[in-house]
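Accompanying notes for the structure given below.
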Amino acid sequence: MKNCIIAPSVLNANFLQLGQGIKAIENGGAGLVHLDIMDGNFVPNISFGPGISACVKKGTSLPLDCHLMIANPESYVAEFAKAGASIITVHAETTNHLDRLLHQIRELGCKPAVAINPATPIENIKYVLDIVDMVLVMSVNPGFGGQSMIAYTLDKVKCIRDMKPELDIQIDGGINLKTIGQAKEAGANIFVVGSAIFGTENPEETCRKFVELVK
Ligand code: DX5
Ligand code: ZN
């Protein structure tokens, strides 16, 4: 079994105290900081871009996991690499040239990853599984934190795990202390957790609980 990692999403953190929020998850044993980049085009919400990502990079020793939910990702991946991203995840639905884009990310010195929306079949990414460092299976429709996990997405996790036992599989959306067990059981090993950490009184302690649970 692959190592299990908690990747807290700061989307629902208090942005006035973002630095403290990031310290909390760092102390709580997080393995990555998950940054949700939204453009109001591919998804119906706007979050933040490379500028804030670069600030986060300066304030943490955790690797940055940049989840791009944006149209024309080709035009922005270099900016996120410059901002200090370790992993750059692009949605298969956002590009006509997925293979080229994933290579572009690697050439920039980052780990390329591909994401799929709940309704996107895994066949769409079958041929790039060998050239990515991670697959992100969306377990909610992207755009907002605090939604409920869509159960059928776990089937997709299972299928990808069967196809590639060694691949990092990230699951994102609706992961909480109740659903994380099913996600792990299905074969995911990197868990994005947003509101179930940053919506609690003590994000550090909650993050530690998640880390313990997947050990
Ligand atoms: C959804 C984002 C997620 C989200 C996770 O579009 O990609 O990372 O913020 O938040 P929760 O854990 O609250 O579903
Ligand atoms: Zn995300």
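Residues in the stretch 1-40 that are open to solvent by 50 Å² or more (accessible area, probe 1.4 Å) and hydroxyl-bearing (Ser, Thr, Tyr): how many? Of the residues in the stretch 1-40, 0 are open to solvent by 50 Å² or more (accessible area, probe 1.4 Å) and hydroxyl-bearing (Ser, Thr, Tyr). Among the residues of the stretch 175-189, those identified as open to solvent by less than 60 Å² (accessible area, probe 1.4 Å) and outside any helix (DSSP H, G or I) are Ile175, Asn176, Thr179, Gly187, Ala188, Asn189. Can we say Leu68 is over 28 Å from Glu185 (Cβ atoms) and either of a type in the set (A, V, I, L, M) or buried (at least 19 other Cβ atoms within 10 Å of the Cβ) (or both)? So Leu68 fits the description; yes.
Here's the yes/no breakdown for (1) assigned to a helix (DSSP H, G or I); (2) under 20 Å from Phe144 (Cα atoms); (3) of a type in the set (Val, Ile, Thr):
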site	(1), (2), (3)
Leu11	yes, yes, no
Glu26	yes, no, no
Gly51	yes, no, no
Val56	yes, no, yes
Asp65	no, yes, no
Asn96	no, no, no
Arg100	yes, no, no
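Restricting attention to the stretch 190-203, the residues that are in contact (Cβ under 8 Å) with a residue 60 or more places away in the chain and either aromatic (Phe, Trp, Tyr) or part of a helix (DSSP H, G or I) (or both) total 5. The set of residues in the stretch 190-215 being away from ligand 2 (no atom under 16 Å from the Cβ), modelled with pLDDT of 95 or more and surrounded by fewer than 24 Cβ atoms within 10 Å (Cβ to Cβ) consists of Thr200, Glu201, Asn202, Glu204, Glu205, Thr206, Arg208, Lys209, Val211, Glu212, Leu213, Val214.
Looking at this structure, is Arg100 open to solvent by 10 Å² or more (accessible area, probe 1.4 Å) and under 20 Å from Gln170 (Cβ atoms)? Taking the combined requirement at face value, the residue does not satisfy it. Across the stretch 138-163, the number of residues qualifying as within 16 Å of Thr89 (Cβ to Cβ), assigned to a loop (DSSP other than H, G, I, E, B) and not polar (S, T, N, Q) comes to 3. Applying a threshold of 6 Å to beta carbon distances and a minimum spacing of six or more residues, or different chains, the list of pairs starting in the stretch 105-119 at a residue that is modelled with pLDDT of 95 or more and ending at one that is hydroxyl-bearing (Ser, Thr, Tyr) reads Ala113/Thr89; Ala115/Thr89; Pro118/Thr153.
One line per residue, one yes/no per condition, for (1) within 16 Å of ligand 1 (Cβ to nearest atom); (2) closer than 23 Å to Ala81 by Cβ:
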| position | (1), (2) |
| --- | --- |
| Ala115 | yes, yes |
| Thr120 | yes, no |
| Leu129 | no, yes |
| Val137 | yes, no |
| Val140 | yes, no |
| Gln147 | yes, no |
| Asp155 | no, no |
| Asp172 | yes, yes |
| Ala183 | yes, no |
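The values are calculated or read from the model by the stated rules, or taken from the named source; none is laboratory data. Nothing here was measured: the structure is a model prediction, and the numbers come from that model. Heads up, the Cβs are rebuilt from the backbone with ideal geometry, glycines too, and the neighbour counts pull from every protein chain shown. These area figures cover heavy atoms from the full protein model, side chains too; ligands, DNA and RNA do not enter into them. Shrake-Rupley method; radii C 1.70, N 1.55, O 1.52, S 1.80 Å.
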